[in-house]
Structures are given as structure tokens and as C-alpha cells.
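Data block below; observations after.
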Amino acid sequence: MTKKNLVVLLIISLILSGCGTAVSEKAAAIEPTILPTPTITFPPNWVLKAPMPTARWGHSSAVVDGKIYVFGGVGGLDKLEVYDPATDTWESKADMPTPRNSHASSVVDGKIYVIGGIEKFSGGTPLDSVEVYDPETDTWESRTGLGTARFGITAATVNGKIYVFGGCGPEICKLLTTVEEYDPETDTWRYKADIPTPRVQLSSTVFEGKVYVISGLLKPDGSSGKMVEVYDPETDTWEKKADMPSARTAPISIFNGKIYAFGGFAARGGIAHATLFAYDPSSDTWQKLTEMPFGRFVMTTEVVDGKIYMIGGSETKVPHVPYLSEVVEITLEN
């Protein structure tokens with residue numbers, strides 16, 4: 001291995017050790033474990049549900065017709081499993097053609113597009129791969145790849161087009177400001193206005209036709225940011241909004257007009273936080289809510305029928321053992 005390649009692997013390990021994409025072969029073989037332990041007291045609005053068949057972190061998820069589809073992640077790199085909140089049951093579906101973690105997924109017209117990521121840590125390189133899953137037929141198709149291969153990205157759909165933000169590219173894990181727009185009708189990508197702050201492991205959600213891009217890692221050594229930057233696809237412009245109360249890399253979900261940020265971590269190798277913040281886009285203000293009953297990071301959150309579902313992740317530092325198969329149903333006040 002050349003000296004340059006060793007440097008690349010070292011920097012990748014620093015980034016992934018904080019955001020949940022680096023893993024040893026030994027750690028990858030850990031059996032699913034359901035946490036938190038019975039000693040943790042759950043408030044009435046936090047309820048444990050049926051666990052995933054495959055424990056994992058660094059996965060992505062998406063909702064179609066009231067069901068939650070969970071893709072890849074460390075512990076199940078090629079696995080696709082679907083959760084039905086109505087019956088509290090899981091079902092395994094067709095494996096992903098390309099194993100991946102630290103990727104993004106986004107829905108257009110009932111189909112789920114799985115984008116970028118990285119296949120594995122040891123010798124792995126960022127992916128430009130894009131594959132689309134059809135829940136009706138349980139089949140996969142390949143589509144035109146990203147213009148820039150990357151992992152640790154986030155994606156959002158606005159007006160039938162998918163926007164992919166930031167991430168980490170192959171150039172010695174350089175953090176990216178890159179934004180790309182995908183048109184499923186023409187199967188083409190084009191570059192858009194760069195995100196103001198380069199970052200990896202960022203989160204995004206859509207409110208009133210604009211994409212709110214929140215937090216993320218700011219340096220290869222894993223320190224997090226607290227910025228909120230809003231992208232307007234119509235004008236291809238960015239606007240700065242009020243920072244989070246504290247630096248954090250955390251999954252977000254929008255519910256009843258507010259954006260909720262769950263747990264996360266503040267620095268590479270740091271602890272899993274239990275903080276829960278709510279952001280009101282209409283007033284551009286943040287509020288700290290009652291803490292979660294446990295710390296958690298590298299999980300996903302999805303909203304179905306007025307409830308938020310927190311899926312998988314980890315509570316521990318690198319290598320994030322044990323991986324979690326846990327699903328928690330959260331009912332927030334209106």
C-alpha cells in the first residue's frame with residue numbers, strides 16, 4: 001500500500017469513527033441486541049415496538065404508503081427490511097444490489113432512490129451508485145450515478161426532483177459543499193449552488209418547498225457544527241437561519257410544522273446524547289424539550305400517521321457495539 005493510500009485510510013477512519021460508518025470485520029458480526037435495558041424508564045409517549053430483523057447503524061430509511069423501508073447500514077450492508085406500524089411487524093425484501101452505508105434515500109412517485117454511500121470501510125471508496133427500489137414489485141433498477149461520488153450525504157425531494165447535499169468525497173476525504181439535483185424523468189444529474197458550509201453526516205428535511213439542512217461534521221477529526229442553512233430549489237439560493245442550541249450531528253424529522261432533532265453526538269468518538277430539540281421554521285427559533293430516555297446516535301427517524309419512529313443506531317463509541325435493532329414509537333404533542 002502506498003503512503004498516499006495509508007493517509008486516505010487514516011482520514012477516512014477518523015471521520016467514520018465519529019459518524020458511524022467505520023467497522024471492523026469482528027464488530028460487523030455482532031448479533032442484534034435490543035436496547036435500552038429494562039432498567040430504563042420510558043415515559044408514556046415513548047413505546048418499544050417490534051425490533052428490526054437486522055441490527056444496524058449508518059442505514060437510511062424512507063416511507064411509502066405508511067410503511068418504513070430501511071436500507072443497508074453497518075450490520076446489514078445489503079439488507080432491505082420494511083416495517084408496518086399498523087401491524088407492528090417486519091418483512092424482509094429483495095437485497096440491495098450494492099451494499100452500502102452512510103448513504104441517502106429519497107422518494108419520488110412511490111419509488112425509493114438509494115444514493116451514494118460507501119460499501120465498506122477497509123479499502124472502501126465513496127460510491128456514485130444510484131439504485132431505485134419499487135415497493136410494488138420488490139425489484140431494483142440502476143440509474144445514472146452521481147456526478148461526485150460521496151458518502152455521509154443527505155437527500156430530499158422537492159417537486160419531483162431529488163437534491164443531494166454535502167458529504168465526503170474520494171479526495172483524501174475532503175468535506176464537500178457539493179449539491180446535485182436529480183430528475184427521475186430524464187435520469188440526469190446537474191450541479192446546483194454549493195451549500196455554504198462543507199460538512200458530512202448532515203441531516204435535511206423539507207418545509208414549504210424549501211430544504212432545511214442541519215448540523216453535520218465540520219472537520220475530518222469529527223467535530224460537529226450547529227448551523228442551519230436553507231436551500232430554495234426555485235431560486236437555487238441559500239439562506240442562513242438560527243443555529244441549534246448546541247453543536248450536534250443528529251437525525252431530524254418534521255412533524256406538525258416543527259423540525260425535531262434527536263440525540264446525536266458532538267464530536268468524533270463522543271458520547272450518544274439524549275437531548276431533543278425542536279425548531280420552528282415560522283419563528284426561526286429553537287426549543288430544548290424534555291430529554292429522551294436514552295442516548296442514541298447513527299439511527300434514523302421517520303413519521304407515519306402522526307407518530308415518529310426511531311430505528312436502529314447505537315449508544316456506544318466506535319465500533320458502536322452492540323448495534324441496535326430497536327424501534328421506538330414516539331408520540332409528540334400537537
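The values are calculated or read from the model by the stated rules, or taken from the named source; none is laboratory data. All figures in this text were calculated on a predicted structure; none of them were measured in a lab. FYI the Cβ positions are ideal-geometry reconstructions off the backbone, even for glycines, and counts take in every protein chain you see. Each accessible area value is taken on the protein alone, full model and side chains, heavy atoms only, with ligands, DNA and RNA left out. Shrake-Rupley method; radii C 1.70, N 1.55, O 1.52, S 1.80 Å.
Looking across segment 89-131, the residues that are at pLDDT 95 or above and of a type in the set (D, E) come down to E91, D95, D109, D128, E131. Of all residue pairs spaced 6 or more apart or on separate chains, those with beta-carbon atoms under 6 Å, a first member in segment 133-145 that is closer than 11 Å to G110 by Cβ and a second member that is among the aliphatic types (A, V, I, L, M) and at pLDDT 95 or above are Y133/I112; P135/V64. Filtering segment 281-317 to residues that are open to solvent by 40 Å² or more (accessible area, probe 1.4 Å) and within 17 Å of F255 (Cβ to Cβ) leaves S282, S283, T285, W286, Q287, K288, L289, T290, V303, D305, K307.
So, in segment 172-191, of the ones that are assigned to a loop (DSSP other than H, G, I, E, B) and under 18 Å from G216 (Cβ atoms), which residue ends up least open to solvent (accessible area, probe 1.4 Å)? Looking at residues that are assigned to a loop (DSSP other than H, G, I, E, B) and under 18 Å from G216 (Cβ atoms), I get C173. Of all residues in segment 66-100, those being in contact (Cβ under 8 Å) with a residue 24 or more places away in the chain, assigned to a strand (DSSP E or B) and in contact with a Pro (Cβ under 9 Å, 6 or more places away or on another chain) number 8. For segment 106-152, the tally of residues that are within 18 Å of W189 (Cα to Cα), assigned to a loop (DSSP other than H, G, I, E, B) and of a type in the set (K, R) stands at 1.
Checking each residue in segment 268-287 for being in contact with a strand residue (DSSP E or B) (Cβ under 6 Å, 6 or more places away or on another chain) and closer than 18 Å to M227 by Cβ picks out F277, A278, Y279, D280, P281, D284, W286, Q287.
Scan segment 153-171 and tell me whether some residue there is in contact with a Pro (Cβ under 8 Å, 6 or more places away or on another chain), over 18 Å from A62 (Cβ atoms), part of a strand (DSSP E or B) and modelled with pLDDT of 95 or more. For segment 153-171, residues in contact with a Pro (Cβ under 8 Å, 6 or more places away or on another chain), over 18 Å from A62 (Cβ atoms), part of a strand (DSSP E or B) and modelled with pLDDT of 95 or more: absent.
Among the candidates T148, T205, T188, T177, which residue alone is polar (S, T, N, Q) and without any contact (Cβ under 8 Å) to a residue 24 or more places away in the chain? Full working, then the answer.
On the way: T148 fails: without any contact (Cβ under 8 Å) to a residue 24 or more places away in the chain; T205 fails: without any contact (Cβ under 8 Å) to a residue 24 or more places away in the chain; T188 fails: without any contact (Cβ under 8 Å) to a residue 24 or more places away in the chain.
Answer to the selection: T177.
Would you check if there is a residue in segment 224-239 being at negative phi, without any contact (Cβ under 8 Å) to a residue 24 or more places away in the chain and assigned to a loop (DSSP other than H, G, I, E, B)? Looking for residues that are at negative phi, without any contact (Cβ under 8 Å) to a residue 24 or more places away in the chain and assigned to a loop (DSSP other than H, G, I, E, B), one finds at least one in segment 224-239, hence yes.
Scanning segment 200-224 for residues being under 16 Å from the mean Cα position of the chain (by Cα), under 20 Å from D284 (Cβ atoms) and not aromatic (F, W, Y) gives a total of 10. Quick check on segment 260-269. Is at least one of its residues aromatic (F, W, Y) and at pLDDT below 95? Within segment 260-269, one or more residues are aromatic (F, W, Y) and at pLDDT below 95. Would you confirm whether any residue within segment 230-246 is under 17 Å from T197 (Cα atoms) and under 17 Å from the mean Cα position of the chain (by Cα)? No, there is no match, as no residue in segment 230-246 is under 17 Å from T197 (Cα atoms) and under 17 Å from the mean Cα position of the chain (by Cα).
Of everything listed in (1) open to solvent by less than 20 Å² (accessible area, probe 1.4 Å); (2) in a loop (DSSP other than H, G, I, E, B), the single unmet condition for D243 is (1).
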